[in-house]
1. Express in nm, to one decimal, how much length is gained between Glu20 and Ala173 on full extension, taking 0.36 nm for each residue of separation and deducting their alpha carbon distance.
2. Given the Cα atoms of the chain, and with Rh set as the inverse mean 1/r over their pairs in the Kirkwood sense, what is Rg to Rh to two decimals?
3. Ranked from the most accessible area to the least, with a 1.4 Å probe and all protein chains present, what is the order of Leu31, Leu146?
4. May I ask you to rank Tyr206, Tyr142 by accessible area, largest first, using a 1.4 Å probe over the protein chains only?
5. Run the 1.4 Å probe and let me know the accessible area of His83, rounded to the nearest 10 Å².
6. Report the residue, chosen from Ile88, Ile190, Ile210, that carries the largest GNM mean-square fluctuation when the chain is represented by alpha-carbon nodes joined by springs under 10 Å.
Amino acid sequence: MCESASAQPAADARAWNTPEVVDLVTRARDLRQSTAIDPDFRSYTAEARGYVYFFFDRPDSVDQVLVKADQIALDVAWRAPNHTRQTIVGLRDEKVLPTNIRYHLDHLTVIQDDFGDMIVLGDGDEVSSVVHPIAPRGPELYDYRLADSLTISYGAGEEVRVYEVSVRPRDMASPGFVGSVYLDRDRAAIVRMSFSFTPASYVDPYVDYIRISLDNSLWMEQVWLPYRQEVEIRREMPFFDFLSGSIIRSRFDVRRYDFNVDPPGQPI
């Protein structure tokens, strides 16, 4: 678990697509595409706990009105090379105001692999065709820049060097990822992602924006796995008036990892 982080600003402004950053992104892509199975890391189970809040939002007011809150408990499992399963083991909600909203299933679960090669949200109703910046097609569609260097300190006194890579689409008029990917220096594994999307990414024309933050934690001194995830989705609500909107805001924490164990129930 990360205890502290100290920033080390770059000495000078970095250019886009330098050999240094292209090499780092290539290493990260190769790692994500690898199907090699580490005998010391064959599977895991974990527990995720989260909250999903639904607000009524007016930009002309400083207050957001809570409409509904959900508390969720998940059992999470993974087996090499890429088999995953999540089971909702607890779900309760409280309605503060009348509503018939029903969430997409992926709003009630966690992201186990920092997304696949294509980023999909809302079962494809919100985002359906955004290429991941570390996917094989990433270099065709994105520019990359080394923005910063961080040293993450752990409770046992260990430190991990992390590079922040800024990402922007080469064509801002097309669906695309806009934000930062944080990669560890040694393996080029994804440590964190913080991003939004170009307006063309949104399938639902009433989506105003989607903001996502995924934080991973280091396990067994080599594997970065989900630790904390936050998503915020804002929609316009034109059937009230043009200033009204709704916000779905979720936060999940993933804990209690067990490694190289068979998950309960049917095999995955």
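The values are calculated or read from the model by the stated rules, or taken from the named source; none is laboratory data. Everything numeric here is computed off the predicted structure, so don't read it as measured data. Heads up: the accessible areas ignore ligands, DNA and RNA and are worked out on the full protein's heavy atoms, side chains in. Shrake-Rupley method; radii C 1.70, N 1.55, O 1.52, S 1.80 Å.
1. Details: separation 153, 0.36 × 153 = 55.08 nm, distance 2.74 nm.
Working it through step by step, the gained length comes to 52.3 nm.
2. On the way: Rg = 19.4 Å, Rh = 20.0 Å.
Radius of gyration over Kirkwood radius for the chain works out to 0.97.
3. Working: Leu31 65, Leu146 15 Å².
Largest to smallest exposure gives the sequence Leu31, Leu146.
4. Values: Tyr206 120, Tyr142 5 Å².
If we order Tyr206, Tyr142 from most to least accessible, we get Tyr206, Tyr142.
5. Spelled out: His83, probe radius 1.4 Å, area about 70 Å².
6. Answer for the Gaussian network model of the chain: Ile88.
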